[in-house]
1. When the Karplus curve 6.51 cos²θ - 1.76 cosθ + 1.60 is applied with θ = phi - 60°, which whole-Hz ³J(HN,Hα) does each residue of segment 219-225 get, with x for Gly and Pro?
2. With labels modelled as points extended 7 Å from the Cα through the Cβ direction, what inter-label distance (nm, one decimal) is found for L271 paired with L171?
3. Do any trypsin sites (Lys or Arg not before Pro) in segment 227-280 lie in a loop, going by DSSP, with at most 12 other beta-carbon atoms within 10 Å of their beta carbon, and if so which?
4. Just how large is the dipole of segment 117-174 about the Cα centre, in debye to the nearest 20, putting +1 at every Lys and Arg Cβ and -1 at every Asp and Glu Cβ?
5. Using +1 at the C-beta of Lys and Arg and -1 at the C-beta of Asp and Glu, which of T200, L214, P165 has the Cα lying farthest in the positive direction of the dipole of segment 104-262?
6. In nm, to one decimal, how far is the modelled label at D145 from the one at L4, with both set 7 Å along Cα→Cβ?
7. Per the Kirkwood definition applied to all pairs of different Cα atoms, how many angstroms is the hydrodynamic radius of segment 3-88?
8. Using alpha carbons only, how many degrees (0 to 90, rounded to 10) separate the axis of helix 62-74 from the longest principal axis of the chain?
Amino acid sequence: MTPLRQRLIDELNRRNYSPRTVEAYVAGVARAARHFNRPPDQLTADDLRAFQLALIAAGASWSQFNQVTAALRFFYRHALDRPDLVPFVPYGKRPRTLPVVLSPDQVRRLLDAVPPGRNRLMLRIAYGCGLRVSELTHLRVPDIDSARDTLWVRHGKGRKDRAVPLPEVLLGELRAHWRAHRPADWLFPGRTGRPVDVATLQRAFQTARRAAGLPDGVTIHTLRHCYATHLLETGTDLPTLQGLLGHAHLSTTLRYIHLRADRMAHVRSPLERLAESGIAPSHGPTGGTGGRGASGRRPGRPRGVDRGPEAGAA
């Protein structure tokens, strides 16, 4: 390991960054170095600009672009002590798209398309408890609190813990899973004894998605979006939902308001009200005369009265 890489890792660890963030930041800085075939401490402001343009040309998503950008900004500010280069590595403006959300019937079709077993149980937990896929694969046996019908999510995004209600039906399925497999530590271990690989679960999900006839944009994370939206539709308040999802900011949770089917169904276009009132469509903003009366003059002023130079001073 090079001294530069070790220094970057040390600075990340000093700030208690998660192992996944450390891995992502090291990979981001290494990607820039490989692009120029030079150590990152030899890159100039023009090099960094060219590298960002190359990322865009290569079709990197804005999430990937900003993750690499965050890695470079951290490296130059904290590991290399070159804050003068940070302004030359700007973040990209991410498009504000709304997530894909399925109806409850579509979720049912999707989960029914997964063969019984571990993968089906994991996907049911993803929807029933609103877990991210990494949180799902890293569940441990002690995280199941059957006495309080609670599932504990340890070291979620931002290394935060949270508790979510565990439905009775899932608790029964988890008990059956434990009796059948007797996991010692990880609730869903892979062949090596470590947590099951995310790619394995993603393949099972995509097979079920195709069998259920759902579009390509549906992913495992869609189940978390469905969990949040369906809870809002059944009356869960926003602060409670924020805690269940583990969001640091309420603004992140607010986007699910735009996906509520129950609210959209009650919204009526003003055009519908206009048609019901029997008012004929106008030819202009004030009845087709441009704000003038039948005589063609603007109302409110007798004929022949000049406003005077001071009239507009008010």
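Every number in this text was worked out from the coordinates using simple rules, so none of it is lab data. In this text, all values refer to a predicted model and were calculated from it rather than measured experimentally. Backbone-built Cβ (ideal geometry, glycine too); neighbour counts: all protein chains shown.
1. 10, 4, 5, 4, 4, 5, 4
2. 5.1
3. R268
4. The calculation lands at about 340 debye.
5. T200
6. Taking the two extended label points, one gets 4.7 nm.
7. Result for segment 3-88 stands at 12.9 Å.
8. 70
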